[in-house]
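Asker: Before we start, here is the structure in question, set down as structure tokens.
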Amino acid sequence: MQVLFCTVPITSLFNIKYYAEPNLGGTEITGALKSEGVDVIHLDLNAALNEYRFKNENFSNQILEQEDFNVLVSKEHLKKFLEDPTESLYIDRWATYLSKYINSFLNEQSIDALCFSVSKIMNEYYTSIGGFNISIILRKYLNYIDSSIPFYMGGKYVMTMLKQKKYIDDIEDYVPTSLLPTYYITGEAHLVFHNFLLENLKQDRDYIKQRNAGLVDSKVRIKPLNKYGDATYVPDLKPLNFKSAELDVSTGFFPKEMLSHFPELGQIKPFNYYNYRFTGGCIFKCSYCTSGIESDKMWRKDSPIQVADCLESFYDSGVKYIRFFNNNINFKISWLKEFCNEIVKRNLDIKWSDSANLKVGDRDMFLAMGEAGCIKLWYGTETVSPRILKEIRKDVPPERIDAVLNWSHEAGIWNCSNLLLNFPHETNEEYEMVRNFIKKYYDSGILNGFQATILKLLHDTEMGHDPERFRITLQEDHRVARKLIYTENNNASWEEIHDRGEYRLRHLGDLVNIFDPKFLGAGIFENDYFFFSMYEAYGKNKMIKKQIYTHLINNEKMYEDFIDKNLSVYMYEGYLYKKMFSKVLNERTNNSITTRA
Ligand code: SF4
């Protein structure tokens with residue numbers, strides 16, 4: 001059996017970058033398919049489109065025009081585009097290019113199934129809809145793939161967003177049946193999709209023939225696939241076109257001024273990091289997090305030997321940097337120590353980062369992690385106010401935070417804190433505690449990076465389900481972003497809460513001379529292309545990395561373009577896209593009013 005598996009374009013639809021981040025879910029599913037003997041042509045179309053736009057548009061078209069954007073985020077405009085591609089010349093050109101690109105890898109081989117993985121970026125509706133719409137468009141342009149070939153789309157988060165916007169409900173009124181997926185797969189499909197495909201392919205082929213002939217309902221079938229347990233395959237980290245995703249600094253990533261101060265950064269060979277996870281779920285119950293209310297708290301936990309086997313195979317294929325995508329790598333001390341020993345025993349010279357909690361671990365555990373290649377950890381610190389920590393079920397005393405950061409620092413690990421501002425009823429004093437925490441640990445070099453976001457209240461969290469416990473009252477869904485609007489009982493309106501959050505984010509870094517909130521809110525410290533580049537040039541030397549960040553922060557005006565376009569992990573000029581999305585929504589509302597009138 002032969003399957004064409006593609007990561008569909010997502011970031012590259014909206015911005016051009018020097019690199020393209022690999023898709024975690026796609027690597028897992030293709031790895032699982034291959035382990036069952038399926039022949040997979042694995043392509044990253046996000047990387048392919050990014051490379052195409054980089055070479056042909058060269059940043060001149062960095063922000064889409066409204067009419068191109070519309071085709072990506074609205075089903076009315078998608079319909080028009082499918083009927084007349086001159087609606088967006090850019091999207092027509094991209095889809096034509098990608099169609100030829102895919103064909104060059106197919107090389108006249110036939111395929112038994114077409115799979116599109118739509119990955120999530122940010123909690124914005126427009127990016128999710130963009131991933132869905134471009135999938136439909138690409139299916140049309142892949143006209144050399146017979147319409148009877150089963151077509152699967154997958155991406156759990158994207159479907160959640162589409163459902164919230166009721167986008168998918170009547171999609172068949174806008175899109176020809178032959179372009180709709182045979183199934184849209186949701187859930188934790190990476191562990192089980194290969195079984196589903198092998199079992200269903202024949203009947204799906206029959207179904208699609210009947211659907212194309214108009215004999216069955218054309219409503220998109222959504223299939224949640226879940227399996228709890230361990231993975232037994234090696235993820236396929238490198239799609240066939242993995243080189244297109246790499247950061248090649250020789251094409252101009254670092255500004256000249258930066259290279260004159262830190263010339264070693266210009267000597268780095270093209271590289272990428274890869275995403276990999278070996279746990280699912282989380283043992284904790286934080287009240288603002290969707291994982292906090294999952295009934296099966298930790299549904300996947302591969303054994304240390306299994307994980308080491310995967311890492312060994314990655315290492316043998318030339319992978320050096322890996323970003324583990326676990327919620328908490330330190331869910332159990334004994335597991336982690338055994339894992340670290342295995343890496344050291346096998347001499348695997350890989351460098352990795354992950355998220356960690358501040359509750360589990362001792363000095364020996366952190367030293368073992370440092371020895372096994374851990375070079376960066378993100379701690380879900382959130383706040384240091386004891387009242388809030390208790391309320392959000394994240395009780396960690398200050399002395400414990402201090403101990404963990406020091407052990408980790410001693411092990412040579414780059415320590416970063418994730419912070420959340422503006423919890424319900426957060427007082428000025430509680431906010432000051434966070435600022436002082438940053439001052440104390442960042443200045444002393446024990447905390448090496450941090451980022452903050454303003455609390456986004458999400459539906460499927462304890463806060464969303466039980467607002468009374470947090471003394472808040474829910475009002476409505478936010479129109480553009482995926483979050484709830486609320487008021488604080490006897491304290492603040494939504495406008496006041498919103499303004500307070502913005503103010504607090506703006507001034508969070510004042511005490512350590514970080515005045516631009518983009519360093520805190522746009523994930524600059526989270527950008528691992530920048531971080532791993534520094535590691536590649538200077539190894540474990542924390543001093544020089546801090547000098548580089550300080551140089552960047554102090555000369556922020558000079559590096560504004562570099563920071564905005566390349567270092568923010570979010571969309572460049574995302575606020576413009578939000579405005580464009582708002583326009584599309586208004587247009588939709590006005591049209592439906594006119595139609596009703
Ligand atoms: S915030 Fe992190 S630690 Fe807390 S429940 Fe969510 S994933 Fe787990």
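Asker: Please work out how much length the chain gains when fully extended from residue 399 to residue 489, using 0.36 nm per residue of separation minus the C-alpha to C-alpha distance, in nm with one decimal.
Answerer: 29.2 nm
Asker: Let me ask something else. Would you mind pulling out the separation of the Cα centroids of the stretch 295-364 and the stretch 375-421, in Å?
Answerer: Each part's Cα centre sits 20 Å from the other's.
Asker: For residue 540 and residue 218, calculate 0.36 nm times their separation in residues minus their Cα-Cα distance, and state this gained length in nm to one decimal.
Answerer: Roughly 110.3 nm would be gained on extension.
Asker: Another question, then. Cβ neighbours within 10 Å, averaged per peptide: list 336-348, 378-390 in order, most packed at the top. Walk me through the numbers before you get to the answer.
Answerer: On the way: 336-348: 17.2, 378-390: 20.0.
So the peptides 336-348, 378-390, ranked by packing, come out 378-390, 336-348.
Asker: Any idea what diffusion coefficient the stretch 474-597 gets from Stokes-Einstein, in µm²/s, Kirkwood Rh on alpha carbon pairs, 25 °C, 0.890 mPa s?
Answerer: Rounded to a whole number, D works out at 138 µm²/s.
Asker: Quick one: which residues, 5+ away or cross-chain, put their amide H under 5 Å from the amide H of residue 254? H built at 1.01 Å from N.
Answerer: Answer set, sorted by chain and number: none.
Asker: Hey, if you drop one equal point scatterer on each alpha-carbon of the stretch 277-456 and run the Debye formula without solvent, what base-10 log of I(q)/I(0) do you get at q = 0.10 Å⁻¹?
Answerer: Those come out to -0.40, one per q.
Asker: Describe numerically, in nm with one decimal, the distance between label points set 7 Å from Cα along Cα→Cβ at residue 576 and at residue 2.
Answerer: In this crude spin-label approximation the distance works out to 4.2 nm.
Asker: Another question, if that's okay. At what distance in nm do the modelled label points of residue 250 and residue 100 sit from each other, each positioned 7 Å from its Cα along Cα→Cβ?
Answerer: In this crude label model, residue 250 to residue 100 measures out at 2.6 nm.
Asker: Could you pull out every residue, at least 5 positions away or on a different chain, whose amide H is within less than 5 Å of the one on residue 175? Hs are placed 1.01 Å off N in the peptide plane, and Pro or chain starts have none.
Answerer: none
Asker: Which length gain, in nm to one decimal place, applies between residue 209 and residue 290 when the Cα-Cα distance is subtracted from 0.36 nm times their residue separation? Mind showing how you got there, number by number?
Answerer: Working: separation 81, 0.36 × 81 = 29.16 nm, distance 3.90 nm.
So the extension gain works out to 25.3 nm.
Asker: In the chain, which cysteines lack any other cysteine Cβ under 4.7 Å from their own?
Answerer: Those would be 6, 115, 282, 310, 340, 374, 416, since no other cysteine Cβ in the chain comes under 4.7 Å of theirs.
Asker: By Kyte-Doolittle mean hydropathy of at least -1.0 and Cα axial length of at least 27 Å, which whole DSSP H helices of the chain are selected?
Answerer: Those that pass (Cα extent of 27 Å or more, hydropathy at least -1.0) are 574-596.
Asker: While we're looking at this one, here's another question. With the convex hull built on the Cα atoms of the stretch 60-123, state its orientation-averaged projected area in nm².
Answerer: 6.3 nm²
Asker: Only Cα pairs under 8 Å and at least 6 apart count here; give the relative contact order of the chain as a rounded whole percent.
Answerer: Relative contact order comes out at 12 percent.
Asker: Which one of 473, 512, 457 is farthest out on the positive end of the charge dipole of the stretch 428-527, using unit charges on Cβ (Lys, Arg +1; Asp, Glu -1) and the Cα centre as origin?
Answerer: The listed residue farthest towards the positive side: 512.
Asker: Could you work out the helix-only [θ] at 222 nm for the chain, with each DSSP H run of four or more residues adding -39,500 (n - 2.57) and the total divided by the number of residues, to the nearest 500 deg cm²/dmol?
Answerer: -13000 deg cm²/dmol
Asker: Continuing with this model, one more query. Whole percent per 20 Å bin, from 0 to the bin with the longest distance: what is P(r) over all C-alpha pairs of the chain?
Answerer: All Cα pairs considered, the percentages come to 19, 55, 25, 1.
Asker: Among 517-525, 500-508, how do they line up from the highest to the lowest mean number of other beta-carbon atoms within 10 Å?
Answerer: 517-525, 500-508
Asker: Let me ask something else. Quote the FRET efficiency, to the nearest 0.05, computed for residue 261 versus residue 564 with a Förster distance R0 of 22 Å and r equal to the Cβ-Cβ distance.
Answerer: Working from the Cβ atoms, E equals 0.65.
Asker: Continuing with this model, one more query. State the antiparallel share, in %, of DSSP beta bridges confined to the chain, rounding to the nearest 5.
Answerer: Taking every DSSP beta bridge with both residues in the chain, the antiparallel ones total about 20 percent.
Asker: Quick one: check the C-alpha center-to-center distance for the stretch 476-518 versus the stretch 144-164, whole angstrom.
Answerer: Here the two parts' Cα centres lie 35 Å apart.
Asker: Expressed as a whole percent, how much of the Cα-Cα distance distribution for the stretch 2-225 exceeds 21 Å?
Answerer: That fraction is 52 percent.
Asker: Quick check for me: using +1 on Lys/Arg Cβ and -1 on Asp/Glu Cβ, what's the dipole size of the stretch 242-307 about its Cα centre, in debye to the nearest 20?
Answerer: 240 debye
Asker: Tell me, what is a quarter of the convex hull surface for the C-alpha atoms of the stretch 90-179, in nm² with one decimal?
Answerer: Values: hull surface 24.9 nm².
In nm², the orientation-averaged hull projection of the stretch 90-179 is 6.2.
Asker: Also: Tell me, what HN-Hα J-couplings in whole Hz come from the Karplus equation 6.51 cos²θ - 1.76 cosθ + 1.60 at θ = phi - 60° for each residue of the stretch 175-188, using x for Gly and Pro?
Answerer: 10, x, 3, 5, 9, 7, x, 5, 9, 9, 9, 10, x, 8
Asker: May I ask you to order 112-124, 213-225, 7-19 by the average number of other C-beta atoms within 10 Å around their residues, highest value first?
Answerer: Working: 112-124: 21.9, 213-225: 13.8, 7-19: 24.8.
In descending order of packing, they fall as 7-19, 112-124, 213-225.
Asker: Here is a further query. Using amide H atoms built in the peptide plane, which far-off residues or other-chain residues are under 5 Å from residue 356 H to H?
Answerer: 329, 378, 379, 380
Throughout, read-outs are computed from the coordinates displayed, never taken from laboratory work. Worth saying up front: this structure is predicted, and the values here are computed from it rather than measured. All Cβ positions, glycine included, derive from the backbone under ideal geometry; neighbour counts span all protein chains shown.
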